[in-house]
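Down below is the structure, laid out as structure tokens.
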Amino acid sequence: MQNSFDISTLIFALLAAFVVWKLRSILGARTGTEKPPRNPFIAGEPTPPKRPGEGDGKVIPLPGASAPIAQSGAVDPASRWKPYAEPGSKAWAGLDAIAAADRSFEVKSFLEGAKTAYEMIVIGFADGDRKMLQNLLDKSVYDSFVAALTEREKRGDKIETSFVAIDNGAIADAELNGRTAEIAVRFSAQIITATRNAAGTVIEGNPEQVVEINDTWRFARDIGARDPNWKLVSTGDQH
């Protein structure tokens, strides 16, 4: 009986070891070096995701904190914002003020992040991704987006949107209001978009036609906050 018990125990132990080994080979073991979930607002990722929320664990600058000041500190102040703004313009002065208050600010990284955020927000709105939108939008803008989403869902409408091309964006305005940095960016993009009703009939747009859209979006960030994220505060030139 004792031998039978020992053999059974050994067999079960071997089976358990095999199962653990198989699971590790399929799922992989955590090493402690895994990348954290992707944050779309810190400098360093110029490549936009295929779909909102997907990423490689790094973060990009939707207007965000970015390169160390050492990179921009050596640049001639008389040309530091070329070709992003006109010398002597309000935008130029605003970028100067923002960079002086936030020494991590770097305009190229900001524009790369703004471009990525623009695409993510447009696709996120089409998909009804409230969680993603909440991370990128100011509360008032988020509330208006959610109201539009709710009405659309009540009707049973769905939007299909895909980007064909998008420019890198251009600085339309920049200013520092107290501790709040604001930058308006002009975008020009080519997209395919169509809205279908509950029956699947196209009621707006064309799923086979590329259209050009031009938008000016304003992003803001509290430079005194630890959060490096910038958020969309308006979709026009208004403050």
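Among the residues examined, Arg179 qualifies as in contact with a helix residue (DSSP H, G or I) (Cβ under 8 Å, 6 or more places away or on another chain), of a type in the set (Lys, Arg) and open to solvent by 30 Å² or more (accessible area, probe 1.4 Å). Taking each residue of region 149-161 that is open to solvent by less than 40 Å² (accessible area, probe 1.4 Å) and of a type outside the set (A, V, I, L, M, F, W, C) and looking for partners that are part of a helix (DSSP H, G or I) and at pLDDT 95 or above with beta-carbon atoms closer than 8 Å, six or more apart or interchain, yields Thr161/Val122; Thr161/Ile123; Thr161/Ala126.
Listed by first and then second residue, the pairs with beta-carbon distance under 8 Å, at least 6 apart or on different chains, first residue in region 165-188 and farther than 12 Å from Leu111 by Cα and among the polar types (S, T, N, Q), second open to solvent by 40 Å² or more (accessible area, probe 1.4 Å) and outside any strand (DSSP E or B), are Ser188/Asp167. Selection within region 216-239: residues that are under 19 Å from Ala117 (Cβ atoms) and among the charged types (D, E, K, R). The member of this set that is modelled with the lowest pLDDT is Asp237. The residues in region 182-225 that are farther than 13 Å from Thr161 by Cβ and within 18 Å of the chain's Cα centre (by Cα) can be counted, and the count is 15. If you check Val146 against the conditions, is it modelled with pLDDT under 95, open to solvent by 20 Å² or more (accessible area, probe 1.4 Å) and among the hydrophobic types (A, V, I, L, M, F, W, C)? The answer is no for Val146.
State whether one or more residues within region 196-215 are assigned to a strand (DSSP E or B), under 16 Å from Tyr118 (Cβ atoms), in contact with a helix residue (DSSP H, G or I) (Cβ under 7 Å, 6 or more places away or on another chain) and open to solvent by 40 Å² or more (accessible area, probe 1.4 Å). Looking through region 196-215, none of the residues is assigned to a strand (DSSP E or B), under 16 Å from Tyr118 (Cβ atoms), in contact with a helix residue (DSSP H, G or I) (Cβ under 7 Å, 6 or more places away or on another chain) and open to solvent by 40 Å² or more (accessible area, probe 1.4 Å). Out of region 80-91, which residues are in contact (Cβ under 8 Å) with a residue 12 or more places away in the chain and out of contact with any helix residue (DSSP H, G or I) (no Cβ under 8 Å at 6 or more places or on another chain)? Across region 80-91, the qualifying residues are Lys90, Ala91. Select from region 103-137 the residues that are over 21 Å from Ile213 (Cα atoms) and hydroxyl-bearing (Ser, Thr, Tyr) and write down the one among them that is most open to solvent (accessible area, probe 1.4 Å). Only one residue tops the list, namely Ser104. Which residues, taken from region 216-239, are open to solvent by 50 Å² or more (accessible area, probe 1.4 Å), within 19 Å of Phe125 (Cβ to Cβ) and among the charged types (D, E, K, R)? Hit for region 216-239 is Lys231, nothing else.
The values are calculated or read from the model by the stated rules, or taken from the named source; none is laboratory data. On a predicted model such as this, the values are computed, not experimentally measured, just so you know. Please note: Cβ atoms are built from the backbone with ideal geometry, for glycine as well, and neighbour counts cover all protein chains shown. Side chains included, ligands, DNA and RNA excluded: accessible areas come from the protein's heavy atoms. Shrake-Rupley method; radii C 1.70, N 1.55, O 1.52, S 1.80 Å.
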